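Once you've had a glance at the structure underneath, I'll fire off some questions.
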Amino acid sequence: MFARLMILKASEMRPVRKMITQSRAFRPLIRRFVAGETLDQAIAAAEELLPKGIYVSLDYLGENVQSREEAVHAKNTYIEILKRIAAIKEVMPMDHVGYADGLVETVNLSVKLTQCGLDQSDDFAEENYREVLAVAKAIGNFVRVDMEGSPYTERTVKLVERVHVDYPNTGTVLQSYLYRTTEDVEWAAMRRLRIRLVKGAYFEEADVAYQEKMRVDEAYMRLAERMLEACAYPAFATHDEALIEKIQRSAKALNLPKDRFEFQMLFGVRRDLQEKLVAEGHRMRVYIPYGESWYPYFSRRLAERPANALFALKSLFKG
Ligand SMILES: Cc1cc2nc3c(=O)[nH]c(=O)nc-3n(C[C@H](O)[C@H](O)[C@H](O)COP(=O)(O)OP(=O)(O)OC[C@H]3O[C@@H](n4cnc5c(N)ncnc54)[C@H](O)[C@@H]3O)c2cc1C
């Protein structure tokens, strides 16, 4: 956890940012985690995964936009992505996969509220997000709000709650490192909100979040078990093989069919495990990020696995 904190902090320093964004040494690693800078590249990545039976969620990278214009640009891009997804559906035979509570889309969208203008105002972000959801609803798709740092958690939960009344085609993400997530899972279960459970990728203080990896993992499993029992189509986003096996065992003990939940992983991480889970009959969705604003996303990936940062630094010194 200490190495992770150091990498997250270092990545905020200007010289580090400059080195990573300008050095060629980091390019192969960036390409491993980010599908590209354009929507065409993201769609191409999706089209490689879909025939393998892997679903995807597209993410237009960007967060904490500085102006209303940038937020409107992001909203328009989300809408463009949804329209492109609708076009893919025409050529992909497996556009929707039925399940008891409705339909599950093979290609959907993930968004960040600070990219929709949450730093400008909650009403402004909500207005933008509602426009995106209206388009998604019209084409029968689902949009998930990623969860950002804890200063945004309550506002995100409340905003999602408000829009979900009109747009049941939305859901969000909960982080097992936050103490509050036990209650948030009950909140989501009561509203039949689709939730992705993650460990959490931001630096958080001890007054809001567990600091030891063991406690974050224990919380993840406790929350996952509750979600299997009580939540609508939960998504378990992790590359932690031990946790995945425990979730499989819990689902089996509850007699829950494999199509009542899905696993999710990040583009470029544990492709072997992604394919193994599909071969075992599980639903697997890969989160595909693209766009020019890849730096904060990439830093979080380095922090999750310090070996990634070491590997890139070695290439830098090799020239
Ligand atoms: C689909 C998806 C969506 C996400 N959305 C959010 C979100 O909205 N908000 C949020 O805070 N976080 C989000 N995350 C990130 C998440 O919080 C974790 O930081 C991330 O998933 C790493 O944790 P882990 O569960 O894989 O477990 P860890 O214990 O961190 O890792 C378990 C194993 O997975 C492998 N691994 C993990 N990360 C990497 C990596 N970067 N590179 C290479 N190998 C790796 C390693 O083998 C590691 O030993 C998301 C993750 C996924 C998969």
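Report the charge-dipole magnitude of the chain in Debye, nearest 20, computed about the Cα centre from +1 at each Lys and Arg Cβ and -1 at each Asp and Glu Cβ.
1060 debye
Also, I was wondering about something else. Evaluate the relative contact order of the stretch 35-293 (contact order divided by residue number), counting alpha-carbon pairs under 8 angstrom at least 6 apart; express in whole percent.
Worked out over the stretch 35-293, it gives 23 percent.
For the pair LYS314 and GLN22, what calculated FRET efficiency results from E = 1/(1 + (r/R0)^6), where r is the Cβ-Cβ distance and R0 = 22 Å, to the nearest 0.05? The partial results should precede the final answer.
Numbers: r = 18 Å, r/R0 = 0.81.
It comes to 0.80.
Rounded to whole Å and ordered largest first, report the semi-axes of the equivalent ellipsoid of the stretch 231-319 derived from its Cα gyration tensor (root of 5λ).
Semi-axes from the Cα gyration tensor: 32, 14, 11 Å.
Still on this model: Å³ per residue of the Cα convex hull, for the stretch 1-81? Before the final figure, lay out each step's value.
Numbers: hull volume 12.1 nm³, N = 81.
It comes to 150 Å³ per residue, whole-number rounded.
Multiply the residue separation of TYR295 and SER250 by 0.36 nm, subtract the distance between their alpha-carbon atoms, and state the gained length in nm to one decimal.
Between TYR295 and SER250, full extension yields 12.5 nm more.
Pull out a ≥ b ≥ c, the square roots of the eigenvalues of the alpha-carbon gyration tensor of the chain, then state rounded if a/c is under 1.5, prolate if not and a/b is larger than b/c, and oblate in the remaining case.
Rounded shape, in that the Cα axes give a/c under 1.5.
Turning to a different aspect of this structure: Just subtract the alpha-carbon distance of MET1 and ARG32 from 0.36 nm times their residue separation and send over the number in nm, one decimal.
8.9 nm
Also: Given springs between every Cα pair under 10 Å in a Gaussian network model of the chain, which of PRO234, PRO168, PRO151 has the largest fluctuation?
Highest fluctuation of the listed residues: PRO151.
Residues with amide H under 5 Å of VAL107's amide H, sequence separation 5 or more or different chain, H placed in the peptide plane at 1.01 Å from N; which?
Under 5 Å from the amide H of VAL107: VAL56.
Sticking with this one: Could you check what % of the DSSP bridge pairs in the chain are antiparallel, to the nearest 5?
Of the beta bridges lying entirely in the chain, close to 15 percent run antiparallel.
For the chain, modelled as a GNM with alpha-carbon contacts under 10 angstrom, which of ARG283, ARG300, ARG249 fluctuates the most?
Its mean-square fluctuation being the largest, the pick is ARG249.
Please rank HIS282, HIS239, fewest neighbouring Cβ atoms within 10 Å first, as an exposure proxy.
In order of increasing Cβ crowding within 10 Å: HIS239, HIS282.
On a full-extension model of 0.36 nm per residue, what is the gain between ILE88 and PHE124, subtracting their alpha-carbon distance, rounded to one decimal in nm? Provide the component values of the computation, followed by the final result.
Values: separation 36, 0.36 × 36 = 12.96 nm, distance 3.04 nm.
Answer, rounded to one decimal: 9.9 nm.
What's the lysine pair count for the stretch 1-93 at a Cα cut-off below 22 Å, pairs eight or more apart or interchain? Mind showing how you got there, number by number?
Numbers: LYS9/LYS18; LYS52/LYS89; LYS75/LYS83; LYS75/LYS89.
So the count works out to 4.
From the backbone phi of the stretch 8-13, what are the Karplus-calculated ³J(HN,Hα) couplings (6.51 cos²θ - 1.76 cosθ + 1.60, θ = phi - 60°) in whole Hz, Gly and Pro given as x?
Values, residue by residue: 4, 5, 4, 5, 7, 7 Hz.
Could you list GLU70, GLU212 in order of exposure, starting from the residue whose Cβ has the fewest other Cβ atoms within 10 Å?
Result, fewest neighbours first: GLU212, GLU70.
The numbers here are math on the coordinates, done by the rules we state, and not lab data. On a predicted model such as this, the values are computed, not experimentally measured, just so you know. Neighbour counts are summed over all protein chains in view; Cβ atoms, including those assigned to glycine, are modelled from backbone coordinates with ideal geometry.
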